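For reference, the structure is listed below as structure tokens.
The values are calculated or read from the model by the stated rules, or taken from the named source; none is laboratory data. In this text, all values refer to a predicted model and were calculated from it rather than measured experimentally. Neighbour counts are summed over all protein chains in view; Cβ atoms, including those assigned to glycine, are modelled from backbone coordinates with ideal geometry.
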Amino acid sequence: MTDIISLLIDEPALDALRQARPQAKENAQEAFEALLEGDLLTAGLRYRLALIVAEASGVEPAVAFYRDLVADEPEVAAPAALHWAYQLATRPASANAADIEELAREGWSPDQVVAMGQLIGFVAFQVRVIHGLRVMFSYEPLRDAVPRGFEVRTYPGMARPAHFVSHSLGWRPWVPPAEELTEEQRAALIKPEREKSEYFRLLARDPRALKARTLTDLDIFYNTEGGLGRAERELAATVVSRVNGCVYCASVHAGRAIQESGRREDIERLLSEGVAADLGSAQWNAVRDAARALTDTPITFNISHVRALREAGLNDTAVVDVINSAAFFQWANRLMLSLGEPELPRRFR
């Protein structure tokens with residue numbers, strides 16, 4: 001099938017540059033096919049959810065693409081699902097267990113809720129890759145009573161973090177994870193130790209999407225050949241998580257950024273003061289600004305951000321790594337924020 005990201009960018013030089021991260025490219029397309037052509041949701045609902053996210057982003061090629069798909073499908077009667085998509089596209093930090101309650105009342109199963117969350121997060125990732133790469137190739141900025149599906153899990157007495165931290169946190173799902181994994185679900189984890197994680201057992205409800213998402217993740221964050229350093233990728237993830245209000249993701253990737261760079265003071269300043277904080281070097285500040293602009297809704301990333309990254313010493317492959325890292329965490333944050341909540345471990349209370 002045609003690579004959708006390449007199709008919507010429509011730039012002949014793109015494929016050679018994206019091929020530096022072949023697993024990210026291949027599995028972003030695999031994720032599209034798993035999520036936009038899967039059978040857990042009707043085609044009309046899949047395309048409508050994607051269109052809501054694309055419209056919120058302001059990325060016109062994606063809006064036109066998904067609008068064409070929606071036009072061929074009947075109207076969708078799923079107000080809770082459509083509201084959830086808009087909420088996650090525009091205000092992901094406002095997601096809570098009450099949203100999952102509404103989806104359950106509308107009759108959606110746990111598998112379907114995970115599929116919707118994956119689709120919404122994926123399109124948030126996809127449109128930012130499209131926009132970021134279009135900017136790199138000198139385009140103008142694109143713009144300044146239904147049976148109950150399941151019982152929602154809630155945790156009334158749970159200790160929750162009160163602010164952003166760099167130490168580890170727990171995470172508890174509102175949607176029940178898969179209890180016994182099939183062989184397909186185990187294979188989708190890629191890393192066998194993830195079977196112990198409630199988060200990954202939850203995402204395993206849609207194994208094809210999980211596998212594609214995981215392989216995309218690993219290539220974006222761990223394939224460092226000729227591109228951006230690991231610390232700067234983790235920095236981008238932390239910035240996005242700080243903007244989106246994902247305390248759990250910020251804790252994980254702040255810790256990794258500190259581990260990779262040794263720059264604890266800069267990361268702690270980012271967590272405590274926010275994304276306007278000076279991060280101690282021109283390169284880190286340029287990565288911060290690019291990640292923040294890619295997180296804005298509508299997206300504000302433009303050629304000035306590319307120029308600042310290049311002036312800070314990044315080559316084109318490294319700039320793509322910044323775009324991919326920031327875009328991927330639109331997906332990751334939305335899953336973490338919409339399907340569960342962070343828990344403060346006893347040792348930090």
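For the range 308-316, the count of residues that are small (Gly, Ala, Ser), buried (at least 24 other Cβ atoms within 10 Å of the Cβ) and either at pLDDT 95 or above or in a helix (DSSP H, G or I) (or both) is zero.
Every residue in the range 169-197 that is assigned to a helix (DSSP H, G or I) and surrounded by fewer than 16 Cβ atoms within 10 Å (Cβ to Cβ), please. Correct list: Glu183, Glu184, Arg186, Ala187, Pro192, Glu193, Glu195, Lys196.
Could you list, in sequence order, the residues of the range 168-227 that are farther than 17 Å from Val114 by Cα and among the small types (Gly, Ala, Ser)? Hits for the range 168-227 are Ser168, Gly170, Ala187, Gly226, Gly227.
Taken over the range 152-168, residues that are under 22 Å from the mean Cα position of the chain (by Cα) and either loosely packed, with under 15 Cβ neighbours inside 10 Å or at pLDDT below 95 (or both) amount to 3.
Within the range 50-73, is there a residue that is surrounded by fewer than 19 Cβ atoms within 10 Å (Cβ to Cβ) and of a type in the set (Lys, Arg)? Yes: one or more hits.
Residues in the range 47-77 that are within 24 Å of Leu103 (Cα to Cα) and not in a helix (DSSP H, G or I): Glu73, Pro74, Glu75, Val76, Ala77.
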